[in-house]
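Asks: This structure is in structure tokens; I'll ask about it shortly.
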Amino acid sequence: MRRVAHSLFVATLALGLVAFGRDQADEWVDRTVLPPTLADTSVEMRDRNGRLLRVFPVENGRWRLDPGRAQVDPGYIDMLIRYEDKRFLQHSGVDLRALMRAAGQVFWNGRAVSGGSTLTMQVARLLENSGTGTWPGKLRQIRLALALERRMSKTDILRLYLTHAPFGGNLEGIRAATLGWFGKEPRRLTPAQAALLVALPQSPETRRPDRFPKAARTARNRVLARMTQLNADTVRTANAARIPERLTPFPRRAAHATDRIRSSQPDRRIHDLTIDGDLQHQLETLARRTAVQVGQRVSVAILLADHRTGEILASVGSPDYSDQARRQGFVDMTRAIRSPGSTLKPLIYGLAFDQGLAHPQTIIRDGPVQYDEYAPQNFDGAFRGEIRIARALQLSLNTPVVQLTRELGAARVMNVLEKAGAHPKLPGGKPGLAIALGGVGLTLRDLVQLYAGLAGGGQAPVLRVGADTAPGRTQRIMSDVAAWQVMDILRGIAPPPGAPARVLAYKTGTSYGHRDTWAVGFDGRHVAGIWIGRPDGTPVPGAFGGDLAAPLLFEVFGRVDPEFADLPLPPPATLIVSSAELPRPLQRFRPRDAVLARPEGAPDLIFPPSGARLSLADGFLTLKLRGGKLPFAVIANGRPLATGIRNREVALPSPGRGFSTVVVVDAAGRSDRITVELE
């Protein structure tokens with residue numbers, strides 16, 4: 001009876017407005033104060049292909065997405081207007097014909113057969129969240145509808161409906177409805193789906209498909225029966241279509257990365273990211289599977305990027321964002337500061353190559369060493385004696401890399417880490433030799449950025465996840481020759497069982513006490529890093545990077561490109577020879593103490609002085625020598641620059657801008673070296 005009375009009231013009121021007078025009605029409508037029409041919509045995170053990665057709810061946990069961000073199926077729009085308000089494009093907010101028809105049906109049938117509310121009147125009700133249970137409420141809707149039509153276009157009014165219409169539960173608007181009930185955007189809907197979405201807003205709770213499937217099906221089929229533009233076969237197929245049995249969860253991929261982006265730009269509604277949604281989903285699945293295999297309290301983090309562009313393609317901060325009790329899933333382990341274990345060793349070897357301290361074929365002694373109170377041991381407690389540098393890195397021996405770190409200086413290594421785009425954290429104050437073995441805090445992102453520099457020939461783009469973030473580049477950390485030499489060594493490391501060999505340049509690491517296991521590597525296009533451990537720092541007994549993280553690293557690359565992009569060829573200046581063919585100072589590594597104890601009659605590089613900064617406008621480096629036995633050979637940054645020199649003052653082509661180590665060797669194999677900065 002209430003609905004009958006409402007229909008009679010609306011019809012009577014509409015006729016009364018006409019009788020009241022046009023001028024008075026116009027003034028009454030013009031004085032209408034509109035409610036706010038700009039509604040808060042969900043923050044959207046979209047992947048590199050424009051697909052939703054994640055949606056954040058608005059107030060009270062409701063899903064309300066801007067319909068303007070996606071194309072809405074025209075078939076649904078046509079069905080909506082035909083069923084709800086077929087004269088929507090002609091009337092001025094109130095459809096007098098529909099109201100009179102509704103009133104006539106009430107008189108004839110004694111009950112309401114159809115409603116007289118237009119889509120504009122429904123929008124008015126939605127904007128004020130007002131019901132139609134009282135005559136003043138209906139009067140307010142009519143007034144608002146007339147005012148909306150005067151101040152907004154039909155397109156804008158329809159968009160308000162598509163934003164605010166209720167579709168059951170906490171779903172508001174057409175995009176929330178299609179994502180929630182069908183798991184897709186509204187750009188393409190079947191007739192059955194469109195009809196259900198037309199029917200739901202009339203009674204969104206009593207027709208919820210997951211709770212009242214029979215009522216939902218009946219309402220949907222009623223809409224289909226009135227769609228005369230559809231042929232009989234289409235209607236028959238649509239009537240037989242299944243009703244959705246449950247709500248589809250809204251996407252929540254790359255949860256940690258999207259949390260961080262939203263916090264950094266809280267007022268922005270749409271974020272376009274470099275992440276590939278399909279890859280992100282695959283790697284999140286891999287992380288969950290690995291975590292289950294390793295243990296209940298273990299977390300897994302994966303970071304994948306294109307080292308040519310710096311674009312992050314996937315970022316997995318934990319295997320399960322919602323598992324806080326067992327895995328502390330809310331902690332983003334791509335950003336957690338941890339001990340990198342042995343993963344910094346490639347950087348140190350590359351710097352040693354660049355500084356002329358060693359070559360991949362240089363012989364170094366792996367044996368007991370002690371510097372003050374620090375006496376590093378190899379992981380297995382054994383020593384290999386004399387071994388080539390390349391093999392020492394592949395076996396991840398500790399004493400050789402500590403010797404090289406001592407020659408380079410721990411402060412230099414820290415400085416280069418910062419140039420590479422990392423943000424190292426020291427547990428104490430001054431850096432020591434232990435940084436070579438993991439005695440410094442780094443994040444997974446830091447390590448992936450560092451290895452991107454190795455993959456890029458000594459310099460890389462800055463990693464970024466925002467598609468509109470301005471590209472940047474890190475500082476150069478080493479020459480392209482040294483970077484290639486490191487890469488060539490790393491791709492010679494034996495792969496996990498069943499994985500292809502020499503397709504990936506990678507390094508594993510295990511921190512002290514088995515708290516962190518790592519694998520970081522790259523091919524010709526991508527760079528990726530893996531971390532496995534417990535977020536609280538509790539040891540994982542028996543966990544090694546080679547056993548846990550390395551297989552996962554190769555599986556990640558297999559998901560990106562099963563063929564693995566080819567690694568680069570050596571730069572032209574690369575010295576590829578055996579140990580015996582190296583210049584004598586590079587044949588065997590000599591620590592600083594041995595270098596300082598220069599033999600009698602050794603050559604003396606008297607100009608330029610070590611540590612000098614030179615501006616070489618003419619492109620030549622002038623050297624002045626004293627002592628030594630002719631002829632001389634000059635090595636710059638591990639590469640021969642000139643041989644057979646019989647003058648004690650010589651102008652040589654510049655080895656390139658930046659820091660260079662220049663070594664002069666005489667005919668007796670004695671040498672002197674300087675380090676200069678060339679501009």
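Only the coordinates and a few stated rules stand behind these numbers; no lab work does. From a predicted model like this one, the values you see are computed outputs, not experimental measurements. All Cβ positions, even for glycine, are placed from backbone atoms using ideal geometry, and neighbour counts span all protein chains on display.
Asks: For the residues 297, 64, what sequence is obtained by ranking on other C-beta atoms within 10 Å, fewest first? Intermediate results must be reported in sequence, preceding the final value.
Replies: On the way: 297 16, 64 21.
Least to most surrounded, the residues fall as 297, 64.
Asks: Quick one: how many lysine pairs does the chain have with C-alpha atoms less than 30 Å apart and a gap of 8 or more or different chains? Give me the count, please.
Replies: 15
Asks: Hey, if you put +1 on the Cβ of every Lys and Arg and -1 on every Asp and Glu Cβ in the chain, which of 331, 162, 251 ends up farthest toward the positive end of that dipole?
Replies: It is 162, whose Cα lies furthest towards the positive end.
Asks: What does the C-alpha gyration tensor say about the overall shape of the stretch 294-413? Classify as rounded when a/c is under 1.5, otherwise prolate if a/b is larger than b/c, or oblate. Please list the in-between numbers first.
Replies: Values: a/c = 2.69, a/b = 1.83, b/c = 1.47.
Taking the square roots of the gyration eigenvalues as a ≥ b ≥ c, the stretch 294-413 is prolate.
Asks: Sticking with this one: Sorting check: for 575-583, 215-223, 88-96, which peptide has the highest mean count of neighbouring beta carbons within 10 Å, and how do the rest follow? Don't skip to the answer; put the middle values down first.
Replies: Working: 575-583: 14.3, 215-223: 19.1, 88-96: 17.4.
For the peptides 575-583, 215-223, 88-96, the packing ranking is 215-223, 88-96, 575-583.
Asks: Let me ask something else about it. Decide, for the chain, between rounded, prolate and oblate: order the square roots of the alpha carbon gyration tensor eigenvalues as a ≥ b ≥ c, take rounded if a/c falls under 1.5, and otherwise choose prolate if a/b is larger than b/c, else oblate. Please list the in-between numbers first.
Replies: On the way: a/c = 3.80, a/b = 2.89, b/c = 1.32.
Verdict is prolate for the chain.
Asks: Something else now. For residue 366, what charge total do you get from the other residues with a beta carbon under 12 Å from its beta carbon, if Lys and Arg give +1 and Asp and Glu give -1? Mind showing how you got there, number by number?
Replies: Details: positive: 365, 384, 388, 391; negative: 380, 386.
My count for the surroundings of residue 366 gives +2.
Asks: Counting Lys and Arg as +1 and Asp and Glu as -1, each charge on the Cβ, what is the dipole of the stretch 343-418 about the Cα centre in debye, to the nearest 20? Mind showing how you got there, number by number?
Replies: On the way: 7 positive and 8 negative charges, 49 e Å.
Dipole about the Cα centre, nearest 20: 240 debye.
Asks: Let me ask something else about it. Taking the Cα centre of the chain as the origin and placing charges on Cβ (Lys, Arg +1; Asp, Glu -1), which of 122, 565, 527 is farthest toward the positive end of the dipole?
Replies: Going by the Cα projections, it comes out as 122.
Asks: Can you list which of the trypsin sites (Lys or Arg not before Pro) found in the stretch 465-518 are DSSP loop residues with at most 16 other C-beta atoms within 10 Å?
Replies: Numbers: sites: 473, 476, 491, 502, 507, 515; in loops: 476, 491, 502, 515.
Here the sparse-neighbourhood loop sites are 502.
Asks: Decide, for the stretch 478-613, between rounded, prolate and oblate: order the square roots of the alpha carbon gyration tensor eigenvalues as a ≥ b ≥ c, take rounded if a/c falls under 1.5, and otherwise choose prolate if a/b is larger than b/c, else oblate. Numbers along the way, then the final one.
Replies: Working: a/c = 2.72, a/b = 1.73, b/c = 1.57.
Note, shape of the stretch 478-613 comes out prolate.
Asks: Neighbour counts of other C-beta atoms within 10 Å: give me 620, 557 arranged from fewest to most.
Replies: Values: 620 12, 557 25.
Arranged by neighbour count, lowest to highest, 620, 557 become 620, 557.
Asks: Still on this structure: Would you be so kind as to identify which of 83, 475, 620 lies farthest towards the positive end of the dipole of the chain, taking Lys and Arg as +1 and Asp and Glu as -1 on Cβ and the Cα centre as origin?
Replies: With unit charges placed on the Cβ atoms, the residue in question is 83.
Asks: A further question on this structure: For 45, 478, 227, 414, which order do you get if you count the other beta carbons within 10 Å of each Cβ and list the fewest first? Please report the intermediate quantities before stating the final value.
Replies: Values: 45 25, 478 29, 227 20, 414 17.
Arranged by neighbour count, lowest to highest, 45, 478, 227, 414 become 414, 227, 45, 478.
Asks: List, in order, the whole-Hz ³J(HN,Hα) value for each residue of the stretch 496-502 obtained from phi through the Karplus relation with A = 6.51, B = -1.76, C = 1.60 and θ = phi - 60°; use x for Gly and Pro.
Replies: Result, ordered by residue: x, x, x, 8, x, 8, 6 Hz.
Asks: Long-range amide H contacts for residue 499: which residues qualify at under 5 Å (H placed 1.01 Å from N, peptide plane, sequence gap of 5 or more or a different chain)?
Replies: Amide H neighbours of residue 499, under 5 Å, 5+ apart: none.
Asks: So, one more: What residues qualify as long-range amide H neighbours of residue 678, i.e. H under 5 Å apart, gap of 5 or more or another chain, H built at 1.01 Å from N?
Replies: Those qualifying (amide H under 5 Å, at least 5 residues apart or on another chain) are 614, 658, 659, 660.
Asks: Also, I was wondering about something else. What net charge is computed for the residues neighbouring residue 295, neighbours being all others with C-beta under 15 Å from the C-beta of residue 295, Lys and Arg scored +1, Asp and Glu -1?
Replies: Working: positive: 288, 289, 297, 326, 327, 515, 534; negative: 320, 323, 516, 536, 547.
Net local charge, residue 295 excluded: +2.
Asks: Would you mind working out the magnitude of the charge dipole of the chain relative to its Cα centre, with +1 at each Lys and Arg C-beta and -1 at each Asp and Glu C-beta, to the nearest 20 Debye? Present the calculation step by step, with values, prior to reporting the outcome.
Replies: Values: 90 positive and 64 negative charges, 393 e Å.
It works out to roughly 1880 debye.
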